[in-house]
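Here's the structure, in structure tokens; my notes come after.
Bear in mind these aren't lab numbers, they're just calculated from the coordinates by the rules spelled out. Being a predicted model, the structure only gives us computed values, none of them experimental. Cβ atoms come from the backbone with ideal geometry, glycine included; neighbour counts cover every protein chain shown.
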Amino acid sequence: MTPTITPKRDTAKSDAVLLAALDLARDAAVSIAEPGTVGAHAGMEMLGERLAMHWFECTSPGYHGWRWGVSVARVPRAKVATICETNLLPGPDAILAPEWLPYSERLAPGDLGPGDVLPKRADDPYLVAGFEATGDEDVDQMAFFELGLGRPRVLSAEGREAAATRWYAGASGPTAEVAVKASAPCSTCGYFVPMAGALRAVFGVCANEWSPSDSRVVSLDHGCGAHSETDVEAPEPTPMGEPIVDELAVDLEVLEREPEEDQATEGPYPEGQTPELEPTELEPTELKPTEPDADGTDERD
């Protein structure tokens with residue numbers, strides 16, 4: 001990780017020659033920096049006898065809070081300073097990248113997915129050789145048994161304690177909400193399967209498919225509402241009467257029918273757009289006299 005440097009202002013012990021080398025230090029910073037990124041002078045810090053550091057603000061948008069540091073020095077009784085080195089270093093308000101961690105340390109519980117493989121930890125404090133005694137009464141026998149199964153390492157006492165602490169304080173322990181509201185502990189449930197080994201005295205596995213803890217490790221004082229021996233009074237169903245058939249009521253349903261198209265009544269113009277007709281004068285019809293029929297009547301009668 002890059003060290004954070006806090007610039008110091010001029011002190012009474014400042015070297016006059018090095019302090020006067022301000023322009024020399026600025027030119028050195030400008031020569032390596034991007035154009036326009038060397039800002040105001042932020043002070044000088046004495047690093048040792050005849051050795052000092054000039055600080056300049058960095059005005060680059062990507063390096064907020066960083067400083068240009070130019071170290072200057074002089075030989076004894078010399079009146080001229082020389083440049084030692086030029087650096088871009090973070091100040092107290094600098095934005096820094098997170099500290100780098102190895103891959104094996106960046107992973108957290110729950111990050112491992114299908115197909116992922118963790119690197120082997122040769123110095124895992126939670127594992128010991130299968131034949132090594134760890135202080136428990138049955139460890140020697142269990143260790144040789146585990147060695148016979150071909151497992152080179154088994155849980156150490158520290159590993160068992162860490163697992164037991166994590167399980168007991170989590171959702172499998174007595175402080176979980178489902179356990180607090182339970183009427184009986186898992187130790188009296190018929191679905192409780194005790195674990196083997198040193199953890200048997202505290203933990204077991206739930207085998208009840210109706211329980212939210214099914215197939216999970218639970219503590220003896222854990223609990224849930226699916227306990228095999230607890231019971232509640234079953235509510236009786238509300239009786240229903242005989243169905244009534246009303247043969248007198250009539251339900252009317254109005255059906256919406258689309259209007260039928262009558263081609264005979266359709267005119268050449270769209271509806272509402274009939275053109276206005278101009279009035280025309282009709283010529284009078286001249287009536288000519290006719291001769292009466294044989295019976296003496298007129299055909300116009």
- Phi-derived 3J(HN,Hα) across region 166-179 with the Karplus relation (6.51, -1.76, 1.60, θ = phi - 60°), rounded Hz, x for Gly and Pro, is 5, 5, 5, 8, x, 6, 9, x, x, 8, 5, 4, 5, 6
- Note on the structure: The extension gain from Ala157 to Leu101, computed as 0.36 nm times the residue separation minus the Cα-Cα distance, is 17.4 nm
- Segment Val205-Lys120, length gained on full extension (0.36 nm per residue, minus Cα span): 27.8 nm
- Message: What are the equivalent ellipsoid semi-axes of region 64-116, built from the alpha-carbon gyration tensor (square roots of five times its eigenvalues), in whole angstrom, biggest first?
- Response: 47, 13, 7
- Query: With a ≥ b ≥ c the root eigenvalues of the C-alpha gyration tensor of region 159-219, is it rounded (a/c under 1.5), prolate (a/b larger than b/c) or oblate?
  - Reply: oblate
- Computed D for region 16-90, Stokes-Einstein, Kirkwood radius over alpha-carbon pairs, 20 °C, 1.002 mPa s, to the nearest µm² per second, is 174
- Mind checking the full-extension length gain between Ala234 and Arg257? Use 0.36 nm per residue of separation minus the Cα-Cα distance, one decimal, nm. 2.9 nm
- Listed with the fewest Cβ neighbours within 10 Å leading, Thr86, Thr165 appear as Thr165, Thr86
